[in-house]
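The values are calculated or read from the model by the stated rules, or taken from the named source; none is laboratory data. This is a predicted model, so every value here is computed, not measured. All Cβ positions, even for glycine, are placed from backbone atoms using ideal geometry, and neighbour counts span all protein chains on display. Areas reflect the complete protein model, heavy atoms only, side chains present, ligands, DNA and RNA absent. Shrake-Rupley method; radii C 1.70, N 1.55, O 1.52, S 1.80 Å.
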Amino acid sequence: MMIDMKELLKTVLRFAIWAMLFIVTMFAGMIVLSIIHPSVWQGSEQAATEYFKDSVISGWINLAATLLFIILFLVLRWASLSKGILERSFMWKLVGLLLVLTVADICFEVSLIDLPTYHNLFPETWAEMEADNSPDSGGITKYLYACLLIPIFEEIGFRGVLLGGLLRAKWHHWLAIPFSAIAFAAFHLMPITFIGLTLGGLIYGWLFWRTKSLIPSTICHIANNTIALCTGPVMMYITGSRETDTTPTTDVIVIVIAIALMLSALILINRMVPKR
C-alpha cells in the first residue's frame, strides 16, 4: 500500500506544533513570571529555578496553558476523545483490566531499573534518586498538572496526532505503533526509563489502534502518572524513606509476573473489544 505523503507531511507539521506547544506549557509560568518579575534572575540560577518550581502562580499558569492547548487540539479536531468502537456494556471491566495493565507496567519498569545493571549504566542518576528523599512540593497544581493534564496532552500528541496521522498516511500499524512508542520514550529525555517508556508507548499505541479511541490509553496514562507520583510521598510518610529493599532475584521474579499480567490483560482486552 502506497504511503499518503500529503497526510504524512500534515502529521509531521501537526506534531511539530504540538511539541512546541508542549514545551511552552512546561515553561509558561516561568515565562510569565520572568516578564512580571525580571529581578528573580538577578540572584543565582538555582535560586530562580526553585522560585519558579515552588510558585503557586507559576503552577496555575502551567495548568491554564496546558488546558488551553488541549481544548485547541480538540476543537481543531487534530485529535478526538470519542469512544471509538468501545461499548458501554463492558466499560467497567475494561477499566479494571486497564488498571491491572498499568500496575503491571509500573512494577516492570521499577524492577527493571532496580537491577544492578542499571546502577552501573546510570550511576549519577541513581545517586540523585537516592539523595532525593525529601517530600514533594508544588501542592495541588503539581498533581493536577502531572497526573491529569499532562497525560491527556501527551496522549493527544503521541497517539492522537502522531500515531493517528501515521495510520491515516497508510503506515502499517506494526510500524506506526513502535515508531510512536520510541518517539514517546525519546521525548522524555530520560535514558534510565527509556525501555519502560517504550513499553508503555507500545501498550498505549496498541490500545489506541485496537479501540480507535484515546480513552483507554489516557486512562492508563493518568493511572500511571498518579501512582508513580503518589507512591514516593506515601512511602515517605509511612516508612520515612522512598527506598525499598529488594534483591536482583526479587526484581527478576516481579518482572516475569508483570509481563505475564500485561500479556493476560492485553489478551482479555483484545477478546472483549469488538473486531475492527
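Odds and ends about this structure:
- Entries of LYS53/LYS212; LYS142/LYS275; LYS53/LYS93; LYS10/LYS212 with Cα pairs more than 30 Å apart: LYS53/LYS212; LYS142/LYS275; LYS53/LYS93
- Distance (nanometres) between label positions extended 7 Å along Cα→Cβ at ARG271 and VAL75: 4.5 nm
- Identified option (computed volume of the Cα convex hull per residue in Å³; candidates (1) 136; (2) 177; (3) 153): (3)
- Simple label model, 7 Å out from Cα along Cβ direction - VAL32 to THR246, nm: 3.9 nm
- ILE57-LEU8 FRET efficiency (beta carbon distance; Förster radius 35 Å; 0.05 resolution): 0.30
- Gained length - TRP41 relative to ALA186, 0.36 nm times residue gap less alpha-carbon distance: 49.2 nm
- Along region 174-186 the Karplus relation, 6.51 cos²θ - 1.76 cosθ + 1.60 evaluated at θ = phi - 60°, assigns HN-Hα couplings of 7, 9, 5, 5, x, 4, 5, 5, 5, 4, 4, 5, 5 Hz to successive residues, with x for each Gly and Pro.
- In a fully extended conformation the segment linking ALA260 and LEU99 would gain 56.5 nm over its present Cα-Cα distance, using 0.36 nm per residue.
- Surface exposure of region 67-213, expressed per residue as accessible area with a 1.4 Å probe, stands at 49 Å².
- Gained length - THR226 relative to LEU115, 0.36 nm times residue gap less alpha-carbon distance: 37.6 nm
- Exposure rank, largest accessible area first [ILE3, ILE35; 1.4 Å]: ILE35, ILE3
- Protection proxy ranking for 114-120, 210-216, using the average of other Cβ atoms within 10 Å per residue and placing the highest first: 210-216, 114-120.
- Rounded percent of accessible protein surface that carbon and sulfur make up, region 22-172, 1.4 Å probe: 68 percent
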